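Trainee: I'd like to ask you about the structure that follows.
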Amino acid sequence: MGRNAPPSSGDAINSMIQVPYLSTERLEELEREGVSGVDLCGNGVLIVPGRLYVKSTGAPNRYRDSRPLSNPYRGRSAMVARMLLQQPKWESLSDLARGLEAAGASLSLPQVSKAVQALAEDLMVSKNGGVIALADPLRLLDKLASQWRKPRILGRRIVRLSPGLDWAGALSTSPMLKWAVTGESSITRYAIFSQGGPRRIAVTNLALASTFLGGETESVPNFGDIELLETDEPGYFFGNETDTQGIRWANRLQAWLEIQSGDARQRNAADDLREQILKCANE
């Protein structure tokens, strides 16, 4: 336990959070933000700038169910964070869970609750009564980006379509198949960007999608109209925007995540998307 006053910070405020468990990483984050926090296990940090600094660490988590998520910024659980960036305030946990379901996320109410709790422990969201509100959109966006990994592709097929085929309608034939244009191929919907090659479509079942589309398999990418990518990554199929032609586009956040670490042209487009995302999150 230390009792030496840390460097003073004019931005620090005398606020405190209390949660079941604070890891060493969370305590360090609280220190950087100048926020006091204590848990029910004996860990904590108390900060009064220029007057008091008390820190206790090392006590094990006695409330394992309080933070069951290994990472709320990846996989299905990350859809909660993504939804909060699209709509930063929800009147209740049930409303948030219904919003997630409508957007295509397969999460139970307890799973949503655990994700919200994890985000609250990370100071990403605030909870006041039943209201859930995004507290730090910029940091949340950066966290999602740092945790982003290219999803595994289980199979792929480049297709030359029959002339005049309504490919979006064909892929929508069965509710058993999830599909959407990837974020990389959705950039032109949101930003000025030119790109070549076949349009990439994420699908949950390559064989089923191929059956609906027909067409000819191409070995040369530039000769194809569509490239099908089989994947189980939930982000591809979450919060899609459907246009008047029935095409399911990746939303801005998915597009940004896919291109924010790409080449120079993609990074320039990503800057535009980032501003759009933060504008929505701050409204």
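Trainee: For the range 99-117, give me each residue that is among the small types (Gly, Ala, Ser), under 22 Å from residue 277 (Cα atoms) and in a helix (DSSP H, G or I).
Mentor: 99, 102, 103, 115 - these are the residues of the range 99-117 that are among the small types (Gly, Ala, Ser), under 22 Å from residue 277 (Cα atoms) and in a helix (DSSP H, G or I).
Trainee: Out of curiosity, is residue 193 at pLDDT below 95 and of a type in the set (Phe, Trp, Tyr)?
Mentor: Taking the combined requirement at face value, the residue satisfies it.
Trainee: Further question: Which one of these is closer than 30 Å to residue 200 by Cβ and not in a loop (DSSP other than H, G, I, E, B): 85, 165, 96?
Mentor: 85
Trainee: Kindly establish whether residue 139 is among the charged types (D, E, K, R) and under 25 Å from residue 91 (Cβ atoms).
Mentor: For residue 139, the condition - among the charged types (D, E, K, R) and under 25 Å from residue 91 (Cβ atoms) - is met.
Trainee: Return the residues of the range 131-161 that are touching a residue at least 12 places away in the same chain (Cβ under 8 Å) and acidic (Asp, Glu); say none if nothing qualifies.
Mentor: 136
Trainee: In the range 209-266, how many residues are assigned to a helix (DSSP H, G or I) and under 12 Å from residue 160 (Cβ atoms)?
Mentor: Of the residues in that region, 4 qualify.
Trainee: Taking the residues in the range 216-274 that are in contact with a Pro (Cβ under 9 Å, 6 or more places away or on another chain) and among the acidic types (Asp, Glu) as candidates, determine which candidate is surrounded by the most Cβ atoms within 10 Å (Cβ to Cβ).
Mentor: 233
Trainee: Is at least one residue of the range 174-183 in a helix (DSSP H, G or I) and touching a helix residue (DSSP H, G or I) at 6+ places or on another chain (Cβ under 9 Å)?
Mentor: The answer is yes; a qualifying residue exists.
Trainee: Residue 213 is checked against (1) surrounded by 20 or more Cβ atoms within 10 Å (Cβ to Cβ); (2) under 22 Å from residue 259 (Cα atoms) and fails just one. What number does that condition carry?
Mentor: (2)
Trainee: Name the residue, out of 189, 199, that is surrounded by fewer than 21 Cβ atoms within 10 Å (Cβ to Cβ) and without any contact (Cβ under 8 Å) to a residue 60 or more places away in the chain.
Mentor: Only one candidate qualifies: 199.
Trainee: What single numbered condition from (1) of a type in the set (A, V, I, L, M); (2) farther than 19 Å from residue 222 by Cβ; (3) within 25 Å of the chain's Cα centre (by Cα) fails to hold for residue 181?
Mentor: So residue 181 meets the others, but not (2).
The values are calculated or read from the model by the stated rules, or taken from the named source; none is laboratory data. All of these numbers come straight from a predicted model, not from anything done at the bench. Every residue, glycine as well, gets a Cβ built from its backbone with ideal geometry; the counts of neighbours run over all protein chains shown.
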